[in-house]
Amino acid sequence: MAIPELQRVATTRTLARFAGAVEDFAEIHYDRDAAMRAGLPDVILQGYLKKAYLAEAVVNWAGSPQRLRRLSAQYRGVDVPSREDAPQSFTVRGTVTRMWQENGEKLVEIGLEGTDSSGHVTTPGKAVVALG
Amino acid sequence: MSVEQKSVVSDADLALVGVETPPGYHLVEAGAVRRFCQAVGLTDPIYVDPAAAHAAGFLERPIPAAFWPVIQVPGSELRRPELGGFGTRSMNAGTEFEYLKPAYVGQTLACTARIASITERAGRAGHMVITVLEYTWRDETADVVTRARLTGVRL
């Protein structure tokens, strides 16, 4: 069973806003020169920004943030922001992979895939959600 | 004949494992949560509007699941292993969060950090050192509300 897909378009403005919101000012997220000196193709999306998208997809499906018991993400590939001349999006897909009972709670595990515009899974993850 | 990389993790590095920092205290501010929601495009009013939170059955505005990095600041700097100066690149390989008790906007939470493990491995890209940092947030009654494990790779 699949959870509804979530698609987000992150621009350089999104990255700057997120840097300010979490007070993490690593240059590779807002300074293209610094990113390229570090061997990257452009500035890159923060891992925690991508994780926020994974969380949102799961919470939308679960119906409440308080049903979330665990959330993990692996940063296997980089994602670049969407630019006018090179539109990009980040899509989260999820599938229920396991159901079980623990301490009187019905739990489900969701396998997550955060993918870039070309369909490459850059950010796999896993969530555990308690059903009501 | 392959040359095996000698361990770069010293006894002094290993002695850092498990040593917890003093707590850093964070009031979960409504403005910080609002800025976070705007940055990630989270539009559900339960995070920013007390009336919407109450109407949806919450005691108060819940903390967004991915908000924790904002208050991921222990009471003093976590001492990192020196690894004998090994490596030229550090990567954030992944994070895992456990949500153990509901927490709300307006609470004051205590954040501590410790190194959970340091391991070495021969990977495709050569020798690598994997350090797992653990952050723990406790509420006013000292209950653990959230725990995070961050895996960093040095190579």
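Charge tally around A:THR95: other residues with Cβ under 14 Å, Lys/Arg +1 each, Asp/Glu -1 each, net 0. Take the Cα of B:ARG124, go 7 Å toward its beta carbon, and the backbone nitrogen atoms of the stretch A:69-103 under 19 Å from that spot belong to A:74-79. Here the stretch B:2-60 and the stretch B:108-155 have alpha carbon centers that stand 12 Å from each other. Each label point was placed 7 Å from the Cα along the Cα-to-Cβ direction; for A:GLN101 and A:ASP85 their separation is 6.1 nm.
Local charge for A:PRO81 was computed over the other residues whose Cβ lies under 14 Å away, with Lys and Arg +1 and Asp and Glu -1, and equals 0. Charge tally for B:VAL144 (other residues, Cβ to Cβ under 12 Å; Lys, Arg +1; Asp, Glu -1): -1.
Where in the stretch B:58-118 are there GluC sites (Glu not before Pro) that are in a DSSP coil and have at most 11 other Cβ atoms within 10 angstrom of their Cβ? In loop regions of the stretch B:58-118 (DSSP not H, G, I, E or B), the sparsely surrounded GluC sites (Glu not before Pro) are B:GLU77. The modelled label-to-label distance for the pair A:SER117/A:ARG76, using points 7 Å beyond Cα in the direction of Cβ, is 2.2 nm. Using the Stokes-Einstein relation with a Kirkwood hydrodynamic radius computed over Cα pairs, the translational diffusion coefficient of the stretch B:1-143 at 25 °C and a viscosity of 0.890 mPa s comes to 138 µm²/s. Rounded to the nearest angstrom and listed largest first, the equivalent-ellipsoid semi-axes of the stretch B:54-119 from its Cα gyration tensor are 33, 13, 10.
Partners of A:LYS51 within straight-line reach, counting aspartates and glutamates whose Cα lies under 18 Å from its Cα and excluding those fewer than 8 residues away in the same chain: A:GLU5, A:GLU23, A:ASP24, A:ASP79, A:GLU109, A:GLU113, A:ASP116, B:ASP44, B:GLU96, B:GLU98, B:GLU134.
Value of Rg to Rh for the protein assembly as shown, rounded to two decimals, is 0.97; Kirkwood radius and Rg both from alpha-carbon coordinates.
Relative contact order of chain A: 28 percent, from C-alpha pairs under 8 Å at least 6 residues apart in sequence. Quick note on chain A: its Rg to Rh ratio, both from C-alpha atoms and Rh being the Kirkwood radius, is 1.03.
Suppose R0 equals 41 Å. What FRET efficiency, 1/(1 + (r/R0)^6) with r the Cβ-Cβ distance, do B:ARG89 and B:LEU59 give to the nearest 0.05? So the FRET efficiency works out to roughly 0.40.
For the protein assembly as shown, the dipole from Cβ point charges (+1 on Lys and Arg, -1 on Asp and Glu) about the Cα centre works out to 400 debye, to the nearest 20.
Available extension along the chain between B:GLN38 and B:ARG79 is 11.4 nm, counting 0.36 nm per residue and deducting the alpha carbon span.
From the alpha carbon centroid of the stretch A:44-96 to that of the stretch B:78-100 is 21 Å.
Between the helical axis of A:47-62 and the longest alpha-carbon principal axis of chain A there is an angle of about 30 degrees.
Give me the angle, in degrees from 0 to 90, between the Cα long axis of helix B:30-40 and the longest principal axis of the Cα atoms of chain B, rounded to the nearest 10. Roughly 60 degrees between the two axes. Does anyone have the angle between helix A:12-22 and the longest principal axis of chain A? Alpha-carbon axes, 0 to 90°, nearest 10? The angle comes out near 60 degrees.
Taken together, the values in this text are just the output of simple stated rules run on the coordinates, not laboratory data. Predicted model, so just to flag it, every value in this text is computed and none were measured. All Cβ positions, glycine included, derive from the backbone under ideal geometry; neighbour counts span all protein chains shown.
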